[in-house]
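Colleague: Mind looking over this structure? Questions follow.
The values are calculated or read from the model by the stated rules, or taken from the named source; none is laboratory data. Computed from a prediction, not measured in an experiment: that's the story for all the values here. Don't worry about glycine lacking a Cβ; one is built from the backbone with ideal geometry, like all the others, and counts go over all protein chains shown. Ligands, DNA and RNA are excluded from the accessible area calculation, which covers all protein heavy atoms including side chains. Shrake-Rupley method; radii C 1.70, N 1.55, O 1.52, S 1.80 Å.
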Amino acid sequence: MCGIVGYVGSKPALNVVVEGLARLEYRGYDSAGVAVLTDGALMTAKRAGKLVNLRNALDEEPAPEGTVGMGHTRWATHGPPTDRNAHPHVDCTGRIAVVHNGIIENFAALRAELTERGHRLDSDTDTEVVAHLLEEELRDGAGGLAEAVRRVCRRLEGAFTLVVVNADDPDVVVGARRNSPLVVGVGEGENFLASDVAAFIAHTRDAIELGQDQVVELRRDKVTITDFQGRPAEVREYHVDWDVTAAEKGGYDSFMLKEIAEQPRAVADTLLGRIGTDGRLTLDEMRISDEQLREIDKIIIVACGTAYHAGLIAKYAIEHWAGLPCEVELASEFRYRDPILTRTTLVIAISQSGETMDTLMAVRHAREQRARVLGVCNVNGSTLPRECDGVLYTHAGPEVGVAATKTFLTQLVAVYLIALYLAQVRGTKWGDEVFAMVQLLATMPEKVERVLETMEPVRELARSLADERCVLFLGRHVGYPVALEGALKLKELAYMHAEGFAAGELKHGPIALIEEGLPVVVVVPPRARAVLHDKIVSNIQEIRARGARTIVIAEDGDDSVVPFSDTLIRVPAVPTLLQPLVATVPLQVFSCELARAKGHDVDQPRNLAKSVTVE
Ligand code: M6R
């Protein structure tokens, strides 16, 4: 949801900034722009569309030599994605430039005031007001760019992470953070600012996480961080534990293909270090004591999109293993009802990015009601872990493709670990029962690998369905969220109408959609769950009798489905609760290949952004 880069050093800033934007393009690709300070002058360039349009425009002009600059890649909120609305935005003098991630909620009032005072605003954006407010502050002698930014921030409402340069203060880049992420990269004689460490990982792996409502002044050899009042701020320094190769395609055509292929390793990494030699689980970062976990009497999971589907699966595991009632709620809906929360409610917030505003607002609401909050997150240094009582990192490594793949599987592993840990602490399962399940979890990387090795027929199938208009997905029990996830992947990547249904609900309405030749993907539960299994085999026959083309995902050795499957996709036999780890993979491959067959960019599907930092 907009990517920001800032640089102060001795290298040509334009190269550093454009290279950084390329790594942040997953955050938004409606437009891109840069600003570079050279010899006391401000050069800006911006273009609607993907970064390539900006690169082409820059190639036509002599490159500026300045070593201080910043850039932006946009996911449009206010104003259409045009050149005019692309960031950076400048003040009336053309010497101050601003890039922004978020939404300034009081921009209309500020804009009216500024216009009244004679400013000319050229764009439809909320961002531009900041450049003009800074112009006034600096004209009135605010005492340097950082102080002017602090003063302006105190007047802004909403979510605003800003980076600012001023041609009259040519050795400085200033950033401010409220809500949307901003990380400092600390180099040798150079420093960086970015929405995500991926932007500067080729230069440094030493980072400082900015906290809420902080302003950073970046010079070549100095980083000064304060709160909005100018008081020195507490910050967290950390070392990034992955390198630049993790943020590159590594020979794959797309990040999505690479990330699908990385799933066995990602699942293994999520388990790493969490299973003791005695078979007991240790979840060190939880920061919620065993005593407190024993007091919990209800769990509510909040999340969005794919993470919400992981939450739906978690509910089955938590209720089964830990014997606790568990509700799952779309984070965007949570605080608009009156959820009953007490000190003995555990809220689990699942978010890959740790920056999804809907999820963060749900967390804040839960904490205001005194509930304990546990985050499940992939991005170290993001906002979610800071705002939760405890956190479990998924350790999937950077996920650049907008469609969540490896982070979904690792979220599942994380929630299985939480459910088993609760069972261990609360004594709802014997130690050896927990250990047996943990040992099965440890075999999952190899099982996921086996699924990946057999995906060619799935790719062929996907190519053959590229001209279809609609695909339905059915499942029962944990197969139902898998069906929802399959449908979401197909919508976002192939822009096709796709719906996931609980197979038992079919007869209550959706069966009217079935017509001759309609592709319907059915996730069949393991035979060990005989009742569920047999019911879904009946559902397959019901839809086939009405002309559906059945694409059946079933475990190895399940021959009962053979007569009713137009296409049969095999996955390894695993316990029911773990089946989503193997059954989701063919659906990811299916959507990815179908979208590629349609000529879509699977890493950057239209209208989307990787992290959604607005409500
Ligand atoms: O970063 P988060 O996990 O909080 O993101 C939540 C959703 O925006 C995300 O899962 C989205 O649905 C994915 N693009 C789906 O592939």
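Colleague: With a cap of 15 neighbouring Cβ atoms within 10 Å, and only residues DSSP puts in a loop, list the chymotrypsin sites (Phe, Trp or Tyr not before Pro) found in the stretch 313-346.
Modeller: Values: sites: Tyr316, Trp321, Phe334, Tyr336; in loops: Tyr336.
When the chymotrypsin sites (Phe, Trp or Tyr not before Pro) of the stretch 313-346 are filtered for loop state and at most 15 Cβ neighbours within 10 Å, Tyr336 remain.
Colleague: If I take R0 = 60 Å and measure r between the Cβ atoms of Glu453 and Ala109 in this structure, what FRET efficiency does the formula 1/(1 + (r/R0)^6) give, to the nearest 0.05? Don't skip to the answer; put the middle values down first.
Modeller: Values: r = 59 Å, r/R0 = 0.99.
My answer for the efficiency is 0.50.
Colleague: Then there's this: Pop out the ³J(HN,Hα) list for the stretch 448-454 in order, Karplus 6.51 cos²θ - 1.76 cosθ + 1.60 with θ = phi - 60°, rounded to Hz; leave Gly and Pro as x.
Modeller: Per residue, the Karplus-derived 3J(HN,Hα) values read 5, 4, 4, 4, 4, 6, 10 Hz.
Colleague: While we're here: Please work out whether the stretch 3-247 counts as rounded, prolate or oblate from its C-alpha gyration tensor, where a ≥ b ≥ c are the square roots of the eigenvalues and a/c under 1.5 means rounded, while otherwise a/b larger than b/c means prolate and anything else oblate?
Modeller: Rounded shape, in that the Cα axes give a/c under 1.5.
Colleague: While we're on this one: How large a share of the accessible area of the chain, in percent, is made up of carbon and sulfur atoms when the probe is 1.4 Å and the other protein chains stay in place?
Modeller: Numbers: 10850 of 22540 Å².
The computed percentage sits at 48.
Colleague: Next question, about the same structure. Size of the dipole of the chain about the Cα centre, Lys and Arg at +1 and Asp and Glu at -1 on the beta carbon, nothing else charged, in debye to 20?
Modeller: Values: 66 positive and 88 negative charges, 225 e Å.
Dipole of the chain, to the nearest 20 debye: 1080 debye.
Colleague: Within the stretch 521-545, which residues have the backbone N less than 16 Å from the label spot 7 Å out from His497 along Cα→beta-carbon, could you tell me?
Modeller: Residues 521 qualify, since their backbone N sits under 16 Å from the label point.
Colleague: I've got another one for you. Highest first, please rank the peptides 285-291, 266-272 by the mean number of other Cβ atoms sitting within 10 Å of their residues.
Modeller: Details: 285-291: 13.7, 266-272: 20.9.
Ranking, from highest mean packing down: 266-272, 285-291.
Colleague: Can you compute 3J(HN,Hα) from phi for each residue in the stretch 598-613, using the Karplus curve 6.51 cos²θ - 1.76 cosθ + 1.60 with θ = phi - 60°, rounded to whole Hz and x for Gly and Pro?
Modeller: Once θ is set to phi - 60°, the couplings for the stretch 598-613 become 7, x, 7, 7, 6, 7, 10, x, 4, 6, 9, 9, 5, 10, 9, 8 Hz.
Colleague: Please calculate the 1.4 Å probe accessible area of Glu446, with all protein chains present, and give it to the nearest 10 Å².
Modeller: Its accessible surface works out to 100 Å², give or take rounding.
Colleague: Now, a different point. Taking amide hydrogens as modeled 1.01 Å from N in the peptide plane, which residues meet the under 5 Å criterion relative to Val376, leaving out close sequence neighbours?
Modeller: Ala349, Ile350, Ser351, Leu392
Colleague: Helix-only estimate, please: 222 nm mean residue ellipticity of the chain, summing -39500 (n - 2.57) across DSSP H runs of length 4 or more and dividing by its residues, to the nearest 500.
Modeller: Details: 19 runs with 211 residues, N = 615.
It lands at -10500 deg cm²/dmol.
Colleague: Hey, got a sec? Which trypsin sites (Lys or Arg not before Pro) in the stretch 544-615 land in a DSSP loop and have at most 12 other Cβ atoms within 10 Å? Spell out each step's value before the answer.
Modeller: Working: sites: Arg544, Arg546, Arg549, Arg570, Arg596, Lys598, Arg606, Lys610; in loops: Arg546, Lys598, Arg606, Lys610.
Those that pass, being in a loop and sparsely packed, are Arg606.
Colleague: Take the Cα of Glu237, step 7 Å along the line toward its Cβ, and report every residue of the stretch 160-192 whose backbone nitrogen sits under 17 Å from that point.
Modeller: In the stretch 160-192, the label zone of Glu237 (backbone N under 17 Å from the point 7 Å along Cα→Cβ) covers 183-192.
Colleague: Okay, moving on. Any idea of Val184's accessible area? Nearest 10 Å², probe 1.4 Å.
Modeller: So the heavy atoms of Val184 present about 0 Å² to solvent.
Colleague: Here is a further query. Based on the alpha-carbon gyration tensor of the stretch 255-442 and its eigenvalue square roots a ≥ b ≥ c, which shape applies: rounded if a/c is under 1.5, prolate if not and a/b is larger than b/c, or oblate? Before the final figure, lay out the partial values.
Modeller: Numbers: a/c = 1.72, a/b = 1.02, b/c = 1.68.
Because a/c hits 1.5 or more and a/b fails to exceed b/c, the stretch 255-442 counts as oblate.
Colleague: Please identify which residues in the stretch 191-222 have an amide N closer than 13 Å to a label point set 7 Å out from the Cα of Ser10, following the Cα→Cβ vector.
Modeller: 191, 220-221
Colleague: Only bridges with both residues in the chain count here: give the DSSP antiparallel percent, nearest 5.
Modeller: Here the share of antiparallel DSSP bridges comes out near 60 percent.
Colleague: Can you list the GluC sites (Glu not before Pro) in the stretch 502-541 that are in a DSSP coil and have 16 or fewer other beta carbons within 10 angstrom? Before the final figure, lay out each step's value.
Modeller: Working: sites: Glu505, Glu515, Glu516; in loops: Glu515, Glu516.
Passing both the DSSP loop test and the Cβ count: Glu515, Glu516.
Colleague: Is the C-alpha gyration tensor of the chain telling us rounded, prolate or oblate? Criteria: a/c under 1.5 is rounded; beyond that, a/b larger than b/c is prolate, otherwise oblate. Please list the in-between numbers first.
Modeller: Working: a/c = 2.09, a/b = 1.64, b/c = 1.28.
Prolate.
Colleague: Pop out the ³J(HN,Hα) list for the stretch 206-218 in order, Karplus 6.51 cos²θ - 1.76 cosθ + 1.60 with θ = phi - 60°, rounded to Hz; leave Gly and Pro as x.
Modeller: So the J values, rounded to whole Hz, are 8, 10, 10, 8, 7, x, 5, 6, 10, 10, 10, 9, 10.
Colleague: What FRET efficiency comes out for Trp430 versus Tyr336 if R0 is 51 angstrom and r is the Cβ-Cβ distance? Round to the nearest 0.05. Before the final figure, lay out each step's value.
Modeller: Working: r = 41 Å, r/R0 = 0.81.
The value I calculate is 0.80.
Colleague: What whole-number value in Å² describes the accessible area per residue of the chain for a 1.4 Å probe?
Modeller: Values: 22540 Å² over 615 residues.
Normalised by residue count, the accessible surface of the chain is 37 Å².
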